[in-house]
Amino acid sequence: MTNNTEQQDAAVTDRNILAHGPYSDGRHLAARQSIYRWQQPQYDLPGMVVDELADIKGNVFDVGCGNGKFVSRLHKDRPDLLTVGTDISAGILADVDKPVLVADAEALPFADDTADAVLALHMLYHVADIPATVQELARVLRPGGICVVSTNSDTDKRELDQLWQRAAGDILGVLEGPARVSLSSRFSLEKAPGLLGAAFTDIRVRKLPGTIEVTDPAPVVAHLASYEAWAEQCGVPFRETVDRARDLVIADIAAHGSFRITCLGGILVCRP
């Protein structure tokens, strides 16, 4: 019998879900990203990536590019670069600036030493074999190139984890309900340097702490709702739990004036 962590890991890496579920188009990802509008300080992540590529010329492969947030910025700010977005989901690539390729990050359709920069932004926790994928990123990278990676800390948004467990517990009639699916736990900011260190020797970490504060439950509800595919796979009473979470956030805002979420993400810049 598998434990809850194994069930969640299986859900996070399920290729059918990734290709045809929440990432079949850009809506769920956009909903999850939208909560950062209320974060302070604000971070321009695409701009940070552009800055990291200031000395890069040639080819940039954005592996697992999702809805193309970073691809679009590179096309705009660095039209001199040949930026190629790849993702396992053909659906989510439909509105991404071309050129794009449907591709598995664990077996990239590029020859050795063909990229001057490789991006793996908030996606390595979705691959089944993280070490093999890290080796793939290094394989396609030319000598002197860089790999830019991003992820979240194990402590990121703990208030949402606590909210979910309390809401699920209320629905189930228990003190504490099952944990929500954690997307980044398999490749968190704490684990990332060790996993990347198998292929890269120079790893620079930039931590990006912040606080999200909302006075309306809608952004929190939208964020939680974007996890629907994984929550259902792990047996969580999803809609009821989201509705109960909304009520709890409303009560917290009434009592304290706002609902606060502590965030910690980061960017890792890697060289062979």
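Points to keep in mind about this one:
- Listed peptides 247-259, 71-83 by packing density, highest first (mean Cβ within 10 Å): 71-83, 247-259
- For the chain, the Kirkwood estimate of the hydrodynamic radius, built from every pair of different alpha carbons, is 19.3 Å.
- Partners for LYS76 among lysines (Cα-Cα distance below 18 Å; same-chain residues under 8 apart left out): LYS57, LYS98
- The Cα atoms of the stretch 90-193 cover 55, 32, 20 Å along the three principal axes, with the biggest extent listed first.
- Under a model in which nothing but the beta-carbon of Lys, Arg (+1) and Asp, Glu (-1) is charged, the stretch 95-192 shows a dipole of about 140 debye around its Cα centre.
- Calculated SAXS-style log₁₀ I(q)/I(0) at q = 0.25 Å⁻¹ - the stretch 150-194, Debye, Cα scatterers: -0.80
- Each residue of the stretch 94-108 was assigned a 3J(HN,Hα) from its phi angle through the Karplus expression (A = 6.51, B = -1.76, C = 1.60, θ = phi - 60°), giving 4, 9, 8, 3, 7, x, 9, 9, 6, 8, 8, 4, 7, 8, 5 Hz with x at Gly and Pro.
- Beta bridges per DSSP with both ends in the stretch 4-271, % antiparallel, nearest 5: 55 percent
- The charge dipole of the stretch 4-271, taken about its Cα centre with unit charges on the Cβ atoms of Lys, Arg (+1), Asp and Glu (-1) only, comes to about 420 debye.
- The chain: calculated mean residue ellipticity at 222 nm from DSSP helix runs of at least 4, using -39500 (n - 2.57): -11000 deg cm²/dmol
- Summarising the amide proton neighbourhood of SER153: residues at separation of 5 or more, or on other chains, whose placed amide H is nearer than 5 Å comprise LEU189, LEU264, GLY265.
- Between the listed residues ILE35, GLY257, SER182, the Cα displaced farthest toward the positive end of the dipole of the chain, a dipole computed from Cβ unit charges relative to the Cα centre, is found at GLY257.
- Taken about its Cα centre, the stretch 136-213 carries a charge dipole of roughly 400 debye when the Cβ of each Lys and Arg holds +1 and the Cβ of each Asp and Glu holds -1.
- Relative packing of 56-63, 195-202, which averages over residues the other C-beta atoms within 10 Å, highest first: 56-63, 195-202
- Here the translational diffusion coefficient of the stretch 22-120 follows from Stokes-Einstein with Rh set to the Kirkwood radius across Cα pairs; for 20 °C and 1.002 mPa s it amounts to 152 µm²/s.
- Across the chain, Cα pairs under 8 Å and at least six residues apart give a relative contact order of 23 percent.
- Summary of packing: across the peptides 224-231, 40-47, the per-residue average of other C-beta atoms within 10 Å ranks them, highest first, as 224-231, 40-47.
We did not get these values from a lab; they are worked out from the coordinates using the rules stated. Since we're looking at a predicted model, the values are computed, not measured. Virtual Cβ from ideal backbone geometry, glycine too; neighbours counted across all protein chains shown.
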